[in-house]
Each structure stands twice: as C-alpha cells, then as structure tokens.
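What follows is one structure encoded as structure tokens, with my remarks underneath.
The values are calculated or read from the model by the stated rules, or taken from the named source; none is laboratory data. This structure is a prediction, so every number in the text was calculated from the model and none was measured. Quick reminder, even Gly has a Cβ in these numbers, built from the backbone with ideal geometry, and neighbours come from all protein chains shown. Surface accessibility is based on the protein's heavy atoms, side chains included, excluding ligands, DNA and RNA. Shrake-Rupley method; radii C 1.70, N 1.55, O 1.52, S 1.80 Å.
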Amino acid sequence: MKPMMSKRTFLRGAGVAVALPWLQSLAPKGVRAQPGVRKRFMPIYLPHGAAEVWRPQQTGQGSAWQLSSILAPLAPLKSKLIVMSGLENGTAFNADGNPSVEPSHGRQPGAWLTCIDPGIVRSQLKLPEANRISMDQTMAKDPQIAGNTLYRSLQVGLSTWHSMCDNNPCSNSRTVSWNDAGKPMYKSVDPLEVFNKLVGTPQSPQSDAELKKRVALEKSVLDAVLESSARTQKRVGAEDKAKLDQFLTHVRAVEKQSVATSVGMGGLACMPIAMPTGASVLPNQAKQNTDKYNKGTHADVMNDLIVMALQCDATRIITYMLEDEASEFIYSHVQKRTFTNATSTLTSGTCGEYHNHGQHGNQNDYASINLWNVGKVAELCQKLDAIKEGDRSVLDNTVILFGSCMHGSNHRCNELPMTLLGGTGLLKTDQHVVLNKRWLRDLHYTIMKDMFGLSGPGVDDFGVQRPNKPPLSIREILAA
C-alpha cells in the first residue's frame, strides 16, 4: 500500500508544518479522483455509566426502533448508529462474570479497552502500575491501519483537575489507553498542546519558548507559513482554492479558541514551561466553570481539533475521554431536565457535581449530564460526516466506539451503555441490538478482526479468554 503521506501537502515555516486536507489539484497522478480509503478508529469514553433511560425501548433495525431521550441528539445520525445493550465486562475481573467490581471507579476503566483486570497484571509483573495493551494501541501498531501518519495515535480529553482515583493507581481512571509495554498513555487535555502537536512534527516540535513568544505576540502559526501558503494557492484550481481558504480560516479560529481555553485552564498559554510528559490533568485548577473557563467551550474546541487531526490524516487512531472517571466537576453549564424514556423537558436550575450529585444523586440530573455529553459526541460526528472523501465522509470511514465501563448508579460492569457510529460499509447500522451477557471482549475482537482485518497475537488472545474455546466474534450481528 502506498503511504498516504505522499498524498498530503504541508504548509511549512519556521518550526511549523500545517498538514492540508485532501486537495485534488495537488494529488499525485493516478489518484486524482479521490483519496484512498482511510479506515479510522476512535473510542470515546463516557464516565460514570448512564441513567436508565439511555436504553431504547424497542429493538430491531430501521423503523422498528427509536432512540431514547438521552440518545436523542444522535437523531440526525440514526442511520449510521448501532446501540448495543447487554454487554458485560465482569468476566475481566471475576471467573463467574459477577458484575460487581469494587472499587469500581478505580478498576473498571482500566479494563474498558483491555478486557482484563489491571490489578492482576500489576500482581503478575510486581509493578505499581501496569496493564495489558489496549485495543486502540494494538490497532495503532499495525502499519496498514496507522498508515504513514504524523502520529500513530492521539489521546485527548476534557479533564481539568486531579479527580479521585478510588484507592487505585490513578492511571486506571485517568486514561483508557495502554501501550505495548503496559504503560499508561495519558491524554492531552490542554487544547493548545493538541493544536501544537498538529502544526508541528514529532521530530521537531516547537519549543516552549517559541510557543510562549507566539502566544504573547498574538501571532498565528499561519504567519510562519505565509510564503508556503502563497505558493500553494498558485498551484490549485478555483474549487480547491476555496477549500484551502476555508480550511486556513478554520485553523486560525481553532488556534484562537485553543489559546483562550488554555488561558482559562491555566495551561500552556499561561505557563513558562509545558506540562510534564504523562500529565493527565492540569493541576490545582477549579472543578467548575469560571469567567475564563467553560466546559462546553473546551468540548467544542477539542471536537474541532479532532476533526482537524482526522481530516488532515495526522492520525487515524484517537482515544477521547469526555472526563476522568469519578469526576467531581460541577456541570453548572448544563440545564436540568426531566426524562421519560422517549422525551425530556427543561426544568429550572442547573446541574451539580457529576459523581455524587449526578450518578448517585437525582437521576434526572444524571441523565441531563449524560444528554449533554451525547450532544457533544453528536456534534463531533456531524462535523466528521460533513467532510467528504470522494463519495464517502470522514465519519463513514471511521468506526467510533462510544460508551462507558459501568452500567450506571449501581456501579456494575454489565448492561454497559455502548454504541457504534460511522463505519459505513463495515457495520450493519441503524439498529438496537440486545447482546444478552455477551462479553465486551467479543465486541473489541470483532472490531479488530472483522472490521479492520487484524489477527494473530494481541488480537486472537485479547482480554480474558474462554477456557479451551476459540475467541468468539459477533460479526453476524454487526457486519454489513
């Protein structure tokens, strides 16, 4: 397979390399009709499980089922969605599959993409922090999936402060991605840090001093690529020129919002040095919205950065945590609602802290926060669906796994709220299917083997294995 890098154009300047989206005018001869299909994978982690009204009442495909009130923001994408009920991951912890796993917030997230108890791995290796490689990193190791991209994978999230770790290693609840050495791959939560990755290169990242100077002078990365941009403008046709202008305008808007959000978080835009490698959240910050920080704005700019990364083929694997597990962030930006399974209506007041006053508090408040998170995922997916790659969209070429490690208020790791989005041509979409007590590892195995064509060690022996039985696939339910 010819590397995709050769089909991309960069605008280059001092310490900056802005990857451009697909432009037909600049494509190599023989591939001008459309870019090759880029299969992508993005797990999106929802903390704390979901309220009971998450699960749709009907099953089936097409008109036979309807979205629940919590999933209502996904209505424009229903034809590209699968809701899966009944999946369990207790088997990652207990031989009999008992879904009660405590301390839940400190254990279950570590098994969400590994399907094995990280505590067992730590005990076997006699290490204070360890896990098996997660499925996203198994996929990122494969050159046919990762391609010749800037980054084999990215880990991003919306956390703002050091949340509770539930008497376990904090890596269990602050990341869901683990490399092949069993080390946690912490997420970047500062949008400016993510933006800086996307406009630099892994080999020559922009220095902290250069970044600080750029921010202080209110300069843009686009200032560094003016000459390169002018040369490129002369090489493209009218349609691509309009597309290029639109893209660069978008890059500047995302850059401005990344800086503003970073300032509000006390992030790179404020700090004399970058955050230490592996930092999962920004230290000593408020756990609520302020006059300078808003969780909704943070989510919006992170969505735009994810779109930018996938559109420009900077990576094809992104792990996105909507929040740390056991989040104590106060969701004062979310309006309270009352719910039935089919509808929700606005009431007075705003929501409180996600964990104790949400998951373990008023269930309508809990569902309101769930709904807000689903809405942000829906906005991200609609943006990806609007970007065309030939006769398909970026969403069509991406399998998005959206869900949680636990059921809900009962903390159990069965009846997991799980969905799949996108993956047109790979997935049998527009359905709600009940997978009664089916192992979560079967879903992950199916995605790796049947959706992305992986096999061998790391795939066939993924997660906890059934004694003396081959790994099981649910291809017959999910595959198009």
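Estimated from the Cβ-Cβ distance and a Förster radius of 56 angstrom, the FRET efficiency linking Thr347 and Ser25 is about 0.60.
Computed over neighbours whose Cβ is under 9 Å from that of Asp430, the net charge equals +3, Lys and Arg +1, Asp and Glu -1.
Put simply, the stretch 292-389 fits an ellipsoid with semi-axes of 28, 15, 12 Å; these come from the alpha carbon gyration tensor as the roots of five times its eigenvalues, largest first.
For the stretch 128-191 versus the stretch 429-480, the inter-centroid distance based on Cα atoms is 21 Å. Summarising the amide proton neighbourhood of Ala17: residues at separation of 5 or more, or on other chains, whose placed amide H is nearer than 5 Å comprise Gly200.
Expressed as a whole percentage, what fraction of the accessible surface of the chain belongs to carbon and sulfur atoms when a 1.4 Å probe is rolled over the protein heavy atoms?
Accessible surface attributable to carbon and sulfur in the chain totals 51 percent.
Between Met418 and Met84, the built amide H atoms are under 5 Å apart, and every one of these is 5 or more places off in sequence or on another chain.
When you restrict to C-alpha pairs under 8 Å that are six or more residues apart and normalise by the size of the chain, the relative contact order lands at 29 percent. Looking at the chain, the accessible area is 39 square angstrom per residue; that uses a 1.4 Å probe and ignores ligands, DNA and RNA.
Along the stretch 380-394 the Karplus relation, 6.51 cos²θ - 1.76 cosθ + 1.60 evaluated at θ = phi - 60°, assigns HN-Hα couplings of 4, 5, 5, 5, 5, 6, 7, 9, 8, 10, x, 8, 10, 10, 4 Hz to successive residues, with x for each Gly and Pro.
Each Lys or Arg adds one and each Asp or Glu subtracts one; over the other residues with Cβ under 15 Å from the Cβ of Asp142, this totals +3.
Using the Cβ atoms and a cut-off under 15 Å, what net charge is assigned to the surroundings of Trp65, where Lys and Arg are +1 and Asp and Glu are -1? The partial results should precede the final answer.
Working: positive: Arg55, Lys78, Lys80, Lys428; negative: Asp430.
So the environment of Trp65 carries a net charge of +3.
Could you work out the mean projected area of the convex hull around the alpha carbons of the stretch 129-183, in square nanometres to one decimal? It would help to have the intermediate numbers written out before the result.
Numbers: hull surface 18.3 nm².
Spelled out: convex hull of the Cα atoms, projected over all directions, averaged, 4.6 nm².
Placing dummy labels 7 Å off each Cα toward the beta-carbon, the span from Lys428 to Lys388 is 3.1 nm. Rounded to the nearest whole Hz, the Karplus-based 3J(HN,Hα) values (6.51 cos²θ - 1.76 cosθ + 1.60, θ = phi - 60°) of the stretch 71-86 follow the sequence 8, 4, x, 8, 3, x, 10, 4, 5, 10, 10, 10, 9, 10, 10, x, with x at glycine and proline.
Taking 15 Å as the cut-off, the amide N atoms of the stretch 427-445 that come nearer than this to a point 7 Å along the Cα-to-beta-carbon line of Gln61 belong to 427-434. Give the share of C-alpha pairs in each 10 angstrom bin for the chain, from 0 to the last occupied bin, in whole percents, shortest bins first. Taking every Cα pair in the chain, the percentages come to 4, 20, 31, 27, 14, 3, 0. Here the calculated FRET efficiency for Gln465 and Met164, from their Cβ-Cβ distance with R0 = 35 Å, stands at 0.60, rounded to the nearest 0.05. In this structure the amide hydrogen of Trp178, modeled in the peptide plane, comes within under 5 Å of the amide hydrogens of Ser134, Gln137, Met185, none closer than 5 places in sequence on its chain. Between Ala72 and Asp223, the simple label model (points 7 Å from Cα in the Cβ direction) yields a spacing of 4.6 nm.
Can you tell me the FRET efficiency between Asn410 and Thr297 if r is taken as the Cβ-Cβ distance and R0 is 45 Å, rounded to the nearest 0.05?
Numbers: r = 33 Å, r/R0 = 0.73.
About 0.85, to the nearest 0.05.
Only beta bridges with both residues in the chain are counted; by DSSP, about 55 percent of them are antiparallel. The string of couplings for the stretch 149-154 from the Karplus curve (6.51, -1.76, 1.60, θ = phi - 60°) is 9, 4, 10, 5, 7, 10 Hz, one whole number per residue in order, with x for Gly and Pro. Shape class of the stretch 41-150 from the Cα gyration tensor (axes a ≥ b ≥ c, square roots of the eigenvalues): oblate, since a/c reaches 1.5 or more and a/b does not exceed b/c. Within a straight-line Cα-Cα reach of under 13 Å, Lys336 can be paired with the following aspartates and glutamates, leaving aside sequence neighbours fewer than 8 residues apart in one chain: Glu353, Asp365.
Calculated [222 nm] ellipticity per residue, helices only, for the chain: -8500 deg cm²/dmol; basis is -39500 (n - 2.57) per DSSP H run with n ≥ 4, divided by all residues, nearest 500. Which angle between 0 and 90 degrees, to the nearest 10, do you get for helix 238-265 versus the longest principal axis of the chain when only C-alpha atoms count? Value to nearest ten degrees: 60. Using 0.36 nm per residue and subtracting the Cα-Cα separation, the extra length available between Ala480 and Glu379 on full extension is 33.9 nm. Solvent-accessible area of Glu353, all protein chains in place: 20 Å² (probe radius 1.4 Å, heavy atoms, ligands and nucleic acids excluded).
With a ≥ b ≥ c taken as the square roots of the eigenvalues of the C-alpha gyration tensor of the stretch 359-444, please select rounded if a/c is under 1.5 and otherwise prolate if a/b is larger than b/c or oblate if it is not?
Details: a/c = 3.21, a/b = 1.49, b/c = 2.16.
Taking the square roots of the gyration eigenvalues as a ≥ b ≥ c, the stretch 359-444 is oblate.
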